[in-house]
Amino acid sequence: MSAFALPLTVVGSINADITAVTDRLPGPGETVGGGTLSRSPGGKGANQAAAAARLGAVTRMVGAVGTDPTGREMTAALREAGVDVSAIAEVDAETGTALITVDARGENTIAVCEGANAHVSAAGLSFDETDTVLTQLEIPLEVISDLARAVRGWFVINAAPAIPLPAEVVDRADLIIVNESEYAALPQLAAARRVAVTYGAQGSALLENGEQIAFAPAEALTPVSTVGAGDAFCAALTIALRSGIPAADALRVANTVGAIAVASPDARPPFPPLEHLIATLDGDPSTTRERTSS
């Protein structure tokens, strides 16, 4: 069993991604031709769950899909990635859908139709001190508040899309993960206990109580698509920090996982086990690993 096979529950969105790849992103009111179309599994929650399972965590997905064929397809894709799908509900709504445009530089725009994701619930979930729970903001905010009260172990929020969080949720979170623009849009995070901020090609940083304690540069590469890269980063950083990997090394390995995702057109590319990626860092930090509990 992997040294990083911690129990992880992801509570979040499940979408079908419909992606158009064009030379450039259309402006307001503009039509851009010459695109190619694809359809694939997506959703921040589902992407993070799939990445976590492939990285070695024992991963359970809590979410909702419709009773339509798309819902069954999205659930099957998670099962194939090694995710426990027994807590995915089927509800009387269309499965969530994301309409994505990606340009030649890998930049994207995304419009999300929440569908069944509006019906995600934390009711009936139970957790103990060994559990790690990762969630995002593509599900109802009241679910995030319910989790903040129910989770007894490590509680991680990917605050995307950027929506103001109740103070008690920020206070409860062991880790909040955002990109640079989301951090700027949520000034309340300056006082959060622990925040990871991604800066794209510039790297990522970890802050504690508003003070930077670690930074890791990004890997130089030519991006193919940034869709799913942030989700892969979130999964890797959560597992690494929860496993006691030192902050700078955790950021470095999460950057590596994000870079693998950016270099792929797939929002859910295959990843090597996290222990293999950790071992490639200068000086294997696994010998000094201590379980994070606060």
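Overview of results
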| quantity | calculated |
| --- | --- |
| Output for the range 136-160, where each listed residue is polar (S, T, N, Q) and in contact with a strand residue (DSSP E or B) (Cβ under 7 Å, 6 or more places away or on another chain) | Gln136, Asn158 |
| Complete set of residues in the range 204-214 that are crowded, with 17+ Cβ neighbours inside 10 Å and either closer than 12 Å to Tyr183 by Cβ or under 17 Å from the mean Cα position of the chain (by Cα) (or both) | Ser204, Ala205, Leu206, Leu207 |
| Selection status of Glu90, closer than 17 Å to Gly43 by Cβ, open to solvent by 70 Å² or more (accessible area, probe 1.4 Å), assigned to a strand (DSSP E or B) and at pLDDT 95 or above | yes |
| Selection from the range 4-31 of residues that are touching a residue at least 12 places away in the same chain (Cβ under 8 Å), over 16 Å from Asp84 (Cα atoms) and assigned to a loop (DSSP other than H, G, I, E, B) | Phe4, Thr22, Asp23, Arg24, Leu25, Pro26 |
| Residues of the range 179-201 satisfying the condition of being over 14 Å from Ala229 (Cβ atoms) and of a type in the set (S, T, N, Q) | Ser181, Gln188 |
| The one condition in (1) surrounded by 16 or more Cβ atoms within 10 Å (Cβ to Cβ); (2) assigned to a helix (DSSP H, G or I) that Ala184 fails to fulfil | (1) |
| Which listed residue is surrounded by 22 or more Cβ atoms within 10 Å (Cβ to Cβ) and either touching a residue at least 12 places away in the same chain (Cβ under 8 Å) or within 21 Å of Val262 (Cβ to Cβ) (or both), from Ala235, Ala218 | Ala235 |
| Top-ranked residue of the range 67-87 - restricted to ones that are open to solvent by 50 Å² or more (accessible area, probe 1.4 Å) and without any contact (Cβ under 8 Å) to a residue 24 or more places away in the chain, ranked as nearest to Pro269 (Cα to Cα) | Glu80 |
| Every residue from the range 138-159 that is among the polar types (S, T, N, Q) and at pLDDT below 95 | none |
| All positions within the range 251-293 that are closer than 17 Å to Ile177 by Cβ, modelled with pLDDT under 85 and among the polar types (S, T, N, Q) | Thr292 |
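The values are calculated or read from the model by the stated rules, or taken from the named source; none is laboratory data. Note that the structure is predicted; figures quoted are calculated from it, not measured. Cβ: placed from backbone, ideal geometry, glycine included. Neighbour counts: every protein chain shown. Only protein heavy atoms, including side chains, enter the accessible area calculation; ligands, DNA and RNA are left aside. Shrake-Rupley method; radii C 1.70, N 1.55, O 1.52, S 1.80 Å.
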